[in-house]
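To start, the structure itself, in structure tokens.
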Amino acid sequence: MTNHPEIVDHGGYAGHGEDYLLPSDAPVQLIAPEGAPMTAGDYKEPYALPDDATLLDGYERLVIGRRVNEQAGALVRQGRMAVYPSSYGQEACQVASDMCLRSSDWLFPTYRDTVAILGRGVTPMEAFESLRGDWHSGFDPHQYNTGLPTTPLATQLLHAVGVAHAAKLRGEDTVALALCGDGATSEGDFHEALNFAAVFHVPVVFLIQNNQYAISVPLIHQSVAPSLAHKAVGYGMPGERVDGNDLAALLAVLGHALERARDGGGPSLVEAHTYRMEAHTNADDATRYRSAEEVAQWVPKDPLLRLQKYLSDAGLLGAADTERFAAAAEVVAKTIRDGLNTETSPDPADLFAYVYSEPTPQLREQAFMLAEELSAGQPLEGAQS
Amino acid sequence: MTTMANRPSAGTAHASTAAVEPELRGVQTITFAKALTLAMSDAMASDATVLVFGEDVGTLGGVFRVTDGLTRRFGEERCFDTPLAESGIVGMATGMAMNGMKPVVEMQFDAFAYPAFEQITSHVAKMGNRTRGQVRLPLVIRIPYAGGIGGVEHHCDSSEAYYVHTPGLTVLTPSTVSDAYIMLRDAIASPDPVVFMEPKKLYFSKATVDLDALRARYDGDSVLPSSIGKAAVAREGTDATLIAYGPSVAAALAAAETAAEEGRSLQVIDVRSLVPFDDETVSAAVRSTGRAIVIAEAPGFASMAAEIVARIQERCFHSLAAPVLRVSGFDIPYPAPRLEKYYLPGVDRILDAVDQLQWEQS
């Protein structure tokens, strides 16, 4: 006899052994790199090719996402932005994350997920505020149900678990999608987040964008697990792996995982195999740790080319569509450009305004001191302007 | 009030058949630990978004029994055990606080909170500032701390300096039974994250308090001003000011009692709120006596005590008749049980410091 409150059996898997937790033998793929759809039977149930309209919508989002990456990279080179971690080549993961979530669901992105953040409705200027250096974040998480990208790794996975746990307690059907990279799977918080999610059986899906590198360190130095998706088994949740450059497969796999979570099926882990086509950030030199030949191998696997080929071959993508999508991408690029080319002047008084709900007496003194300095026209030591 | 209030909790069958602990009312003699329990249970009763979780806090009621009875009374959804992972506890609490909850989490011991350090310093402390006030995290991290209980290694650290050094955290530490209740209620009510440091050697100290009066502070329109940011005068005195907090307040009071027998009147200030710090009360006290000693268990180097001394020196220099002294722990790892008596600031060491306050010049 135990004194513990009833241990809840989250199952529904009785008699399944552990096999149901295991990922597919190979990453799920619905459209091959050359654009040909796989035939049913080449991948496991219940995945299926999304409908035409969904794929066309997804393709437009990919075009916009690619343009965002290109535009942001250009602005960094022009000195309009301090830093930009690019998701060039990973746009399908970004787009699928947005397309699979409802606006009432939560996304917990990393610093490389600006494209996904924009897809949640965050305006370009809000999304780029921290990258241009005006403030440590530029948007209200509650307005978009989107967590703030931060640079510590894997910490946001626990926040996603907490949001999902609270949603479950409130009886809401909100799910949380938490993103991380392959490097983050080595962090303690990755382990704690997956374990908490499984133990409390909360509606959260973890998506690892395995882009093969943690800055310079290749995956083999992070893990020798059969796959990162296999890690799920140890926590008692299903793991799945998917071709991260195949938007159709991502939509099928992520969509299934999220609906499962929404229906009370609990958490799961998805590993998307993709590749970081550009350096870690503009401050990085990727030629020091990987060859041009290796990068070149991934060019034909590009998520945009693949979907474009599929849609064209199926007669779903006309010249007018292509033109329209390019124009939409230009509108976004121009918004980013115009915004970042506009001078801003962050208010120094803000430094003290938000640390606490009410500034402490000590912060009031310090704010006063700074205001006095500024009104006296004293040059600020260390200021660059 | 969320929808939770109307929903049956997990393990309802278990909870409903268990006897609900009778509410203590009126004038009662209770322990410091019980005052904390009552603060949580009253807060949980008045606000369905208040949750308690941590290691062993459910069925066991916490290793110090501070959460005793909360699961029985409120069900397993409101007070529950977590996997043994402090970063997980604080990280999950952060997410829950982002989604409408008020988590009160327990770190089992001071040194066991260190795995949560990244979540506390990089996320809990910064969320409000990062979001320009759009996301406040109304969560409380309870940390039993400090020594004097003969505890083994990693169970007796005075870790407050790590938290007080981190902008964005409110750091409180009560030293009386009534403050244990009041300050924990205030911490739970605060819109900002609070690191709530509980001197574990006080857990089983007792006092007689009027629970109805304490609860009345939080009833409806008559809510009294928060204790956050307010120091307390623990003993009036005119010759010198002893400034202490948490576990050291008792030592300061004992020293003042002994000094009084020797004809010296020592004032004792209980800082209570380390952040925000009550410069006004402390400075006024020191100016009134012209002499001050700061007492704390933590190693003195780069410590809360050092900060207090610096602030007094900056604000009260012209009122001082002697240098402000510190009686703190030595700059060593917390000693083994049989050696801690040599480490802890005690009455003799405090009175020795008092003797050094240049009385010949007054």
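The values are calculated or read from the model by the stated rules, or taken from the named source; none is laboratory data. In this text, all values refer to a predicted model and were calculated from it rather than measured experimentally. All Cβ positions, even for glycine, are placed from backbone atoms using ideal geometry, and neighbour counts span all protein chains on display. For the accessible areas, the whole protein counts, side chains as well, though only heavy atoms, and no ligand, DNA or RNA atoms are used. Shrake-Rupley method; radii C 1.70, N 1.55, O 1.52, S 1.80 Å.
Can you find, among A:Y111, B:V324, B:L211, the residue farthest towards the positive end of the dipole of the protein assembly as shown? Put +1 on the C-beta of Lys and Arg, -1 on that of Asp and Glu.
B:L211
In whole Hz, what ³J(HN,Hα) sequence does the range B:53-60 give by Karplus (6.51, -1.76, 1.60; θ = phi - 60°), x for Gly and Pro?
Karplus values, whole Hz, x for Gly and Pro: 8, x, 8, 6, 7, x, 4, 6.
Could you tell me the calculated FRET efficiency between A:L351 and A:R77, based on Cβ-Cβ distance and R0 = 30 angstrom, to the nearest 0.05?
After rounding to 0.05, the efficiency reads 0.50.
Would you mind calculating the relative contact order of the range B:106-203 from Cα pairs under 8 angstrom and at least 6 residues apart, reporting the percent as a whole number?
The value is 37 percent.
Using a 1.4 Å probe on the heavy atoms of the protein chains only, list every residue of the range B:94-125 that has 20 Å² or more less accessible area in the complete assembly than in its chain alone.
Relative to the lone chain, where solvent access is computed with a 1.4 Å probe, the range B:94-125 loses at least 20 Å² at B:G95, B:M96, B:M98, B:N99, B:M101, B:E118, B:Q119, B:H123.
Rounded if a/c is under 1.5, else prolate if a/b beats b/c, else oblate: with a ≥ b ≥ c from the C-alpha gyration tensor eigenvalues square-rooted, which is the range B:27-217?
Working: a/c = 1.43, a/b = 1.20, b/c = 1.19.
Cα axes put the range B:27-217 in the rounded bin.
Would you mind pulling out the separation of the Cα centroids of the range B:76-123 and the range A:304-366, in Å?
Answer, in whole Å: 33.
With a/c under 1.5 counting as rounded, go ahead and sort the range A:74-213 into rounded, prolate or oblate using the C-alpha gyration tensor (a ≥ b ≥ c being the square roots of the eigenvalues; past the cut-off, prolate if a/b is larger than b/c, else oblate).
Values: a/c = 1.94, a/b = 1.49, b/c = 1.30.
Verdict is prolate for the range A:74-213.
Amide H of B:A48: which non-local residues (sequence gap of 5 or more, or other chain) have their own amide H closer than 5 Å, using H built in the peptide plane?
It is B:T2, by chain and number.
Quick check: pseudo-label points 7 Å beyond the Cα along Cα→Cβ at A:A225 and B:E360, how many nm apart are they?
Rounded to a tenth, the inter-label distance reads 7.2 nm.
Run the simple label-point estimate for B:L24 and A:E358 please: 7 Å along Cα→C-beta, distance reported in nm.
Calculated label separation equals 3.0 nm.
For chain B, which span is the longest to avoid every loop-located (per DSSP) member of GluC sites (Glu not before Pro) having at most 12 other Cβ atoms inside 10 Å?
Counting at most 12 other Cβ atoms within 10 Å as exposed, the longest clean stretch of chain B is B:24-152.
Connecting C-alpha atoms closer than 10 Å in a GNM of chain A, tell me which of A:F368, A:F196, A:F325 has the biggest fluctuation.
Of A:F368, A:F196, A:F325, the Gaussian network model singles out A:F368 as fluctuating most.
Just how many % of Cα pairs in the protein assembly as shown lie over 44 Å apart, if you round to the nearest whole percent?
Tail of P(r) above 44 Å: 34 percent of Cα pairs.
Any chance you could look up the accessible area of B:L137 with a 1.4 Å probe, heavy atoms only, rounded to 10 Å²?
So the heavy atoms of B:L137 present about 0 Å² to solvent.
Residue by residue through the range B:287-299, what is 3J(HN,Hα) from phi via Karplus (6.51 cos²θ - 1.76 cosθ + 1.60, θ = phi - 60°)? Round to whole Hz and write x for glycine and proline.
Along the range B:287-299, the couplings run 5, 6, 10, x, 9, 8, 10, 9, 10, 7, 6, 5, x Hz.
Among A:E45, A:E60, A:E34, determine the one that fluctuates most according to a GNM of chain A built with springs between C-alpha atoms less than 10 Å apart.
With Cα springs under 10 Å in chain A, the top fluctuation among A:E45, A:E60, A:E34 is at A:E45.
Where in chain A are the helices, taken as whole DSSP H runs, whose Cα atoms extend 30 angstrom or more along the long axis and whose Kyte-Doolittle mean reaches at least -0.5?
A:52-77, A:319-340
Convert each backbone phi in the range A:103-108 into a coupling constant with the Karplus relation 6.51 cos²θ - 1.76 cosθ + 1.60 (shift: θ = phi - 60°), then list the ³J(HN,Hα) values in order as whole Hz, x for Gly and Pro.
Ordered by residue, 3J(HN,Hα) equals 5, 7, 7, 10, 10, 10 Hz.
Among A:Q366, A:Q29, A:Q143, determine the one that fluctuates most according to a GNM of chain A built with springs between C-alpha atoms less than 10 Å apart.
Comparing A:Q366, A:Q29, A:Q143 in the GNM, the peak value goes to A:Q366.
Between B:R217 and B:D331, what length comes free when the chain is fully extended (0.36 nm per residue of separation minus the Cα-Cα distance, one decimal in nm)?
Length gained between B:R217 and B:D331: 37.0 nm.
Leaving ligands, DNA and RNA out of it, report the carbon-plus-sulfur percent of the accessible area of the protein assembly as shown at a 1.4 Å probe.
For the protein assembly as shown, the apolar C and S fraction of the accessible surface comes to 53 percent.
Could you pull out the longest piece of chain A with no exposed loop trypsin sites (Lys or Arg not before Pro) in it, calling a site exposed if DSSP puts it outside H, G, I, E, B and it has at most 13 other Cβ atoms within 10 Å?
Longest stretch, sites excluded: A:103-385.
Please give the residues from the range A:359-377 for which the solvent-accessible area of heavy atoms, probe 1.4 Å, is smaller by at least 30 Å² with all protein chains in place than with the chain isolated.
A:Q362, A:E365
Taking a ≥ b ≥ c as the square roots of the Cα gyration tensor eigenvalues, with a/c under 1.5 meaning rounded and otherwise prolate when a/b beats b/c, else oblate, which class fits the range A:16-341?
rounded
To the nearest 100 Å², how much accessible surface do chains A and B hide from each other in total, with a 1.4 Å probe?
What A and B bury together is about 4300 Å².
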